[in-house]
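One structure is given below, encoded as structure tokens.
The values are calculated or read from the model by the stated rules, or taken from the named source; none is laboratory data. These numbers come from a predicted model, not from an experiment. Every residue, glycine among them, receives a Cβ derived from its backbone with ideal geometry; neighbour counts consider all protein chains shown. For accessibility, only protein heavy atoms count, side chains too; no ligands or nucleic acids. Shrake-Rupley method; radii C 1.70, N 1.55, O 1.52, S 1.80 Å.
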Amino acid sequence: MIPVETTERIHHTNLNDNNAEVMIRLQNINKVYRTDTVETLAINNISLNIDKGEFLSIMGPSGCGKSTLLNIMGLLDNPTKGEVSIDKQDTTKLNDKKLAAFRNRKLGFIFQSYHLINDLKVLDNVELPLLYRNSTAKERRQLATEALEKVGLSNRMKHFPTQLSGGQKQRVAIARAIVGQPEIILADEPTGNLDSAMGNEIMEILLQLNERDGTTIVMVTHDENMARKTHRLVRLFDGSQVQ
Amino acid sequence: MLKNYFKIAIAVLKRRKFFTFISLFGISFTLTILIVITAFIDNVASANYPEVNRDRSLYINELRQKATKTSGQMNSPASFWYLDTYVRTLKTPAKVAISSMFAATNSYVNNKKLVINLKYTNDQFWDVIEYNFIEGKPYTSQQIKNGERVAVISEDTKKSYFGDVPSVVGKYIEADNVQYRVSGVVKSVPVTMLVSYADLFVPYTVSKVDYKHKSLMGQYTAVLLANSKDDFPKIQAEYAAVVSKIKPDNKDFDVFVSRAEPYVESYLGGSPIGDPESGKLWKLKFFGYIFALLFMLLPTLNLININISRIMERSSEIGVRKAFGASGMTLVGQFVVENIILTLLGTIIAIVLSFIILQIINNGDLIANLHLTINLTVLYYSLLACLVFGLLSGVYPAWRMSRLQVVTALKAQ
Ligand SMILES: Nc1ncnc2c1ncn2[C@@H]1O[C@H](COP(=O)(O)OP(=O)(O)OP(=O)(O)O)[C@@H](O)[C@H]1O
Ligand SMILES: [Mg+2]
């Protein structure tokens, strides 16, 4: 199991200095959802810079646009207006193939509802991101095993997702997000479905990733305690940034 | 990559057992029926033992006398006299085989009745139809001229009449109270070979029906052997010129029609499923292809349907794969591989099934001496059709799914 640190975490106060390198730059992002009857302004003109190595949390009431914003950052959704740059790359200029390669190398996702592939064993689920880059079966196996060890699940490799508990599924999802060693991890309520003990464990893994490997992490959460452990908190209300 | 496609394909096919079964059943059932039907058509219609020269032969199976006023007509095979007078004398064919339709006669072996199908032939019959002689040889033109009671019998007849004896040449066989001396034994022919099938072959000169009788209609068929297929127009033109001078011999009729046509046309061309005016088979072929197409359409629609629901159901998987770096093309590839595996499995099952069914037909008593084989051309085309349909039915839904926004794919569940 993962050791839980008890000492106060030291916040990096100089992360938002002008010297720090910007990892994710959102400029005047708008997202409008149109259905037959209503038009929802899910994101209202948000501009945000997230530095390399920063651990940012996003909070706000349900339906305020947190997931939408995270998906836009992760290039899973297109903004209606505005630009997304990741690691100085303007992502609007990428075609489908380049975009796929870019997501593969730079980004790792952790979804609130896990989104594991039930037809695949745990190990194959974790190997998934490596399938879409040049790697041998042996390398994939080794990296996936290491990732599963990091989340403390090396004894469940041959199981199918349906045979796991919620917390175990989320740890598989984390292993899958980190196996390709992406520079950015985007987590949408990673502890939302878990009890507080399991939630703390997951949080510890994320904090370690951020501290040891310098991974940039953006996490949506409803939990003030979790948010307090991160470097910076952004609050949304009705699609606008309020803090 | 391919190995992983394969892995997930198998996993998916295994998990969705019912749908896999339905698709496989649809594909293999249809293919099996097509393969068996075409094997049968192929066997009946194409050049096979002993009618190996069928591709360069024209057949005269039917004479027709018509009345323009009442539009009444009479169809019948020709008389020996007609074929001997108007057909054997043609200059363009290399050889002309004349033989009667087989007729059942009775014979008795150890007081047990045996039905023997008898056929009268001329001498060139033995050159045009290439039988394998197990022993002896055919009767000669001299023997025919002399009206000798000699016979060629089939191997099956030899067994049923004489039993398991090494040689029967020179022995006598009785049919309809006539004794014939056996001059040769040929390998047996299935009854589907209308011209060459019989149990007992004897010279036309020993027939009880007067072969010199001058009437048009009778019981005989002619096979006109050409030097090559290219001679067909010449032969047909010469025969048409001869026919145009012949008047009906029945006073109720005023038009006489007869044509020399390739094998299948000669039987079906004049029938309602053919085209009685031209004697060609365009109608039959047209409807045959339409039928085959519609028949193939069934499993295809089934497959498309199943694929769409199967792929839509997996939109979340598509979303996940895209989120972790799969491009649209890669995903289309994955689904195409899955579909190809499915169709190939179906085809393999179909081949095995057809093989078993053909084996049963070949060994069964349904039609003796029939040897059906899988027609490779048909197999090739049905495989191709299955692959193409499989591809199309897999590519289209996969392509649509792969173009979805990742979030949309992830949410749709
Ligand atoms: N596909 C869609 N079509 C129409 N409206 C949508 C769509 N997706 C989201 N919305 C709307 O956009 C707004 C923001 O949704 P979003 O999922 O980002 O909220 P959230 O902050 O993540 O909420 P929660 O905390 O409940 O997950 C909501 O009002 C939602 O109804
Ligand atoms: Mg949300």
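Some observations on this one:
- Residue among B:Tyr108, B:Tyr82, B:Tyr120 that is on the phi < 0 side of the Ramachandran plot and under 26 Å from the mean Cα position of the chain (by Cα): B:Tyr120
- Selection count, the range A:90-99, where residues are among the β-branched types (Val, Ile, Thr) and at the interface with another protein chain (Cβ under 8 Å from one of its Cβ atoms): 0
- Some residue of the range A:180-201 being more than 16 Å from ligand 2 (Cβ to nearest atom), assigned to a loop (DSSP other than H, G, I, E, B) and acidic (Asp, Glu): yes
- Of the helices (runs of 4 or more DSSP H) lying entirely inside the range B:254-335, those containing at least 2 residues that are within 17 Å of B:Leu391 (Cα to Cα) and of a type outside the set (Lys, Arg) span B:282-313.
- A residue that is assigned to a helix (DSSP H, G or I), crowded, with 24+ Cβ neighbours inside 10 Å and within 14 Å of chain B (Cβ to nearest Cβ) occurs somewhere in the range A:111-123.
- Subset of the range A:27-63 [on the phi < 0 side of the Ramachandran plot and under 18 Å from the mean Cα position of the chain (by Cα)]: A:Leu48, A:Asn49, A:Ile50, A:Asp51, A:Lys52, A:Glu54, A:Phe55, A:Leu56, A:Ser57, A:Ile58, A:Met59
- A:Leu130 meets the conditions (1) away from ligand 1 (no atom under 16 Å from the Cβ); (2) away from chain B (no Cβ under 14 Å) in every case but one. The failed one is (2).
- Boolean, A:Leu41 is within 15 Å of ligand 1 (Cβ to nearest atom) and away from every other protein chain (no Cβ under 13 Å): yes
- Residue in the range B:342-363 that is away from ligand 1 (no atom under 16 Å from the Cβ) and within 14 Å of chain A (Cβ to nearest Cβ) present: no
- Flag if A:Gly82 is more than 14 Å from chain B (Cβ to nearest Cβ), within 13 Å of ligand 2 (Cβ to nearest atom), more than 18 Å from A:Asn210 (Cα to Cα) and open to solvent by 10 Å² or more (accessible area, probe 1.4 Å): no
- Residue list for the range A:31-48, restricted to those being part of a strand (DSSP E or B) and surrounded by fewer than 16 Cβ atoms within 10 Å (Cβ to Cβ): A:Val32, A:Tyr33, A:Arg34, A:Glu39, A:Thr40, A:Leu41, A:Asn45, A:Ser47
- Residue within the range A:58-78 that is open to solvent by 20 Å² or more (accessible area, probe 1.4 Å), more than 16 Å from ligand 1 (Cβ to nearest atom), out of contact with any strand residue (DSSP E or B) (no Cβ under 6 Å at 6 or more places or on another chain) and over 25 Å from B:Arg403 (Cβ atoms) present: no
- Residues (farther than 17 Å from B:Pro233 by Cα, open to solvent by 70 Å² or more (accessible area, probe 1.4 Å), of a type outside the set (Ser, Thr, Tyr) and in a strand (DSSP E or B)) located in the range B:87-113: B:Ala104, B:Lys112, B:Lys113
- Every residue from the range B:173-228 that is within 22 Å of B:Gln143 (Cβ to Cβ), open to solvent by 30 Å² or more (accessible area, probe 1.4 Å) and in a strand (DSSP E or B): B:Glu174, B:Gln179, B:Arg181
- Identity of the residue in the range B:1-31, more than 13 Å from every other protein chain (Cβ to nearest Cβ) and of a type in the set (A, V, I, L, M), that ends up most open to solvent (accessible area, probe 1.4 Å): B:Ile22
- Restricting the range A:100-110 to residues that are assigned to a helix (DSSP H, G or I) and at the interface with chain B (Cβ under 8 Å from one of its Cβ atoms), the residue that is most open to solvent (accessible area, probe 1.4 Å): A:Arg105
- Residues that are hydrophobic (A, V, I, L, M, F, W, C) and open to solvent by 10 Å² or more (accessible area, probe 1.4 Å), drawn from the range A:206-225: A:Leu209
- Scanning the range B:151-172 for residues that are within 33 Å of the chain's Cα centre (by Cα) and open to solvent by less than 20 Å² (accessible area, probe 1.4 Å) yields a count of 5.
- Selection from the range B:370-398 of residues that are modelled with pLDDT of 80 or more and either in a loop (DSSP other than H, G, I, E, B) or farther than 18 Å from B:Leu301 by Cα (or both): B:Leu370, B:His371, B:Leu372, B:Thr373, B:Ile374, B:Leu376, B:Tyr380
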